[in-house]
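Data first, discussion second: the structure below is written as structure tokens.
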Amino acid sequence: MLSCEHSYKHLKLNVHGSHPAGAVVKQTMQQKIVIKVQLKCNKCRSKAMSIAAMASGVQSVQLEGDKRDQVVVIGDGVDAAGMTTLLRKKVGHASLEFVDDLKD
């Protein structure tokens, strides 16, 4: 079995060098993800915002809701379940409310 660093040497890069030749590049749509988080203080709000902002593909993060307890994330290819789990581990109770595709 080949090691991880040697297993992809046979792939050739295309002219721009960004994707292997013949690779299928999936076009992703922008998503709106709403995660309800139990936020007790301003420090918790700040921590939740920074955790959400560090995720791959995130373009914007906002707090919404009556109690400002919903983290709204907009981005391409964001792992909503993974972000919810991370917020649950780092901040407190978190539940994924919905994921919706945004129209351009």
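The values are calculated or read from the model by the stated rules, or taken from the named source; none is laboratory data. Keep in mind that this is a model prediction, so the values were computed, not measured. Positions of Cβ are backbone-derived with ideal geometry, glycine not excepted, and every protein chain shown enters the neighbour counts. For accessibility, only protein heavy atoms count, side chains too; no ligands or nucleic acids. Shrake-Rupley method; radii C 1.70, N 1.55, O 1.52, S 1.80 Å.
Only protein atoms count toward the accessible area here, which uses a 1.4 Å probe; on region 55-104, the carbon and sulfur part of that area reaches 46 percent.
Can you work out the FRET efficiency for the pair Lys67 and Met29, with r the C-beta to C-beta distance and R0 = 22 Å, to the nearest 0.05?
FRET efficiency, Lys67 to Met29: 0.15.
Derived scalar couplings between HN and Hα for region 55-64 equal 5, 5, x, 6, 9, 8, 9, 9, 10, 9 Hz in order, rounded to whole Hz, by the Karplus curve 6.51 cos²θ - 1.76 cosθ + 1.60 (θ = phi - 60°), x for Gly and Pro. Taking label positions 7 Å along the Cα-Cβ direction at both Asp76 and Val99, the computed distance is 1.7 nm, reported to one decimal.
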